[in-house]
Amino acid sequence: MKLVFAGTPEVAVPALDALIASDRHEVAAVVTRPDAPAGRGRHLVASPVAQRAEEAGIEVLKPARPREEDFLARLREIAPDCCPVVAYGALLPKAALEVPAHGWVNLHFSLLPAWRGAAPVQHAILAGDEMTGASTFQIEEGLDSGPVYGVITEHVRPTDTSGDLLTRLAFAGAGLLAATMDGVEDGTLKAVPQPAEGITLAPKINVEDAHIDWRAPALRVDRVVRGCTPAPGAWTVFRGERLKVVNARLVPDRTELAPGELSVGKNNVYVGTGSHAVELLWVQPQGKKPMPAADWARGVRISPGEKVGAADVG
């Protein structure tokens, strides 16, 4: 089939690579979000998908909005058979959905109908799911509600961050998307409507969602840290400044610390929660790079009984 691939971030690149490598399909063009400011200088930078497409000599389309007539006209001119999508980042209008004969097929990082929305992997970790996966489905005008072509499953490991899990799903999902394109082309794959039960929503995680509540049980604190890493980054407040918690681990045998209370050993930093302690492994003070928590603690000289999130935990 002739394909137009839509995607933007790094997580979409493995799927693009899999389709470029396929001997059954031609990636005629790529649709991605416009260049965005990045880095300290805030210079405009092309998306990872745009950079990969340019390396491969593939035409790149960067509409500010996919309903723009210039973009729609070019899409009709290319006349793709199907448009595979991975994390494109904009809603597709009906006029675009109607162009390819086989529609737009999305690779979504959950087992639909669970976790429809922008942040399925983060929500799976926040909810404590032991199993997740990826689904390919036909895009329609509803939110991730179209009929499903195929799924793969993936165990959520106890130490997985959303970044870890998303990376594994990106590579496994790339194979699923390529196989879905094969099945759509030869007519062996039919999309099946999603069940009406089991629908959960996964809206974008914002900075306030990543604010650690030390009064919560340690298991919840651990899930917030892992689910919000690498973005937006779990955080607390120490001496009036924001402190990101990059990595932590559960310490079930320490229950004597009050919520938010710090305890510093020679090479360990513990924080109390609503149940038992967690050990801070890596932190990032405001305006600085991530560092081992023990190095941070030595630098700031924590007083006995001092707390993180003191305004939150009292």
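The values are calculated or read from the model by the stated rules, or taken from the named source; none is laboratory data. Just so it is clear, the structure is predicted and the values come from calculations on it, not from any experiment. Don't worry about glycine lacking a Cβ; one is built from the backbone with ideal geometry, like all the others, and counts go over all protein chains shown. Each accessible area value is taken on the protein alone, full model and side chains, heavy atoms only, with ligands, DNA and RNA left out. Shrake-Rupley method; radii C 1.70, N 1.55, O 1.52, S 1.80 Å.
Of all residues in the range 74-102, none that is farther than 18 Å from ARG33 by Cα and assigned to a loop (DSSP other than H, G, I, E, B) has its Cβ atom under 6 Å from the Cβ atom of a residue that is open to solvent by 10 Å² or more (accessible area, probe 1.4 Å) and at pLDDT below 95, 6 or more apart or on another chain. Using the structure shown, decide if PRO48 is within 28 Å of PRO230 (Cβ to Cβ) and touching a Phe, Trp or Tyr at 6+ places or on another chain (Cβ under 7 Å). Considered against the rule, which asks whether it is within 28 Å of PRO230 (Cβ to Cβ) and touching a Phe, Trp or Tyr at 6+ places or on another chain (Cβ under 7 Å), PRO48 comes out as no. Each residue in the range 205-214 was checked for being open to solvent by less than 40 Å² (accessible area, probe 1.4 Å) and charged (D, E, K, R), and 0 pass.
Quick one: in the range 263-312, of everything that is surrounded by fewer than 19 Cβ atoms within 10 Å (Cβ to Cβ) and touching a residue at least 60 places away in the same chain (Cβ under 8 Å), which residue is nearest to ASP222 (Cα to Cα)? Looking at residues that are surrounded by fewer than 19 Cβ atoms within 10 Å (Cβ to Cβ) and touching a residue at least 60 places away in the same chain (Cβ under 8 Å), I get GLY274.
For the residues ALA18, ALA28, ALA6, the requirement of being assigned to a helix (DSSP H, G or I) and over 30 Å from GLY287 (Cβ atoms) singles out ALA18. Residue selection: ALA119 satisfies the criterion of being within 23 Å of ARG223 (Cβ to Cβ) and of a type in the set (A, V, I, L, M, F, W, C).
The residues of the range 192-218 that are of a type in the set (A, V, I, L, M) and in contact with a helix residue (DSSP H, G or I) (Cβ under 9 Å, 6 or more places away or on another chain), listed by number, are LEU201, ALA202, ILE205, ALA210, ILE212, ALA216. Tallying residues that are open to solvent by 20 Å² or more (accessible area, probe 1.4 Å), under 14 Å from TRP115 (Cβ atoms) and of a type in the set (A, V, I, L, M, F, W, C) within the range 160-204 yields 3.
Being open to solvent by 50 Å² or more (accessible area, probe 1.4 Å), among the charged types (D, E, K, R) and within 28 Å of the chain's Cα centre (by Cα) is the requirement here; does ARG249 meet it? Judged against the criteria, ARG249 is a match. Contact map, the range 1-26: residues that are touching a residue at least 40 places away in the same chain (Cβ under 8 Å) and among the charged types (D, E, K, R) paired with residues that are part of a helix (DSSP H, G or I) and open to solvent by 50 Å² or more (accessible area, probe 1.4 Å), Cβ distance under 8 Å, separation 6+ or inter-chain. Pairs shown: ASP17/ARG52; ARG24/GLU185. Of all residues assigned to the range 32-47, none qualifies as being among the acidic types (Asp, Glu), outside any loop (DSSP other than H, G, I, E, B) and open to solvent by 50 Å² or more (accessible area, probe 1.4 Å). Return the total of residues in the range 215-243 being closer than 17 Å to LYS288 by Cα, in contact with a Pro (Cβ under 9 Å, 6 or more places away or on another chain) and open to solvent by 70 Å² or more (accessible area, probe 1.4 Å). The qualifying residues number 2. Checked against the criteria, GLU141 counts as at pLDDT below 95, surrounded by fewer than 16 Cβ atoms within 10 Å (Cβ to Cβ) and charged (D, E, K, R).
A single member of ALA174, ALA179 is out of contact with any Lys or Arg (no Cβ under 7 Å at 6 or more places or on another chain), free of Cβ contacts under 8 Å to residues at least 40 places away in the same chain, among the hydrophobic types (A, V, I, L, M, F, W, C) and closer than 30 Å to HIS25 by Cβ, and it is ALA179. Restricting attention to the range 116-138 and to residues that are in a strand (DSSP E or B) and surrounded by 14 or more Cβ atoms within 10 Å (Cβ to Cβ), the residue that is farthest from the chain's Cα centre (by Cα) turns out to be GLN138.
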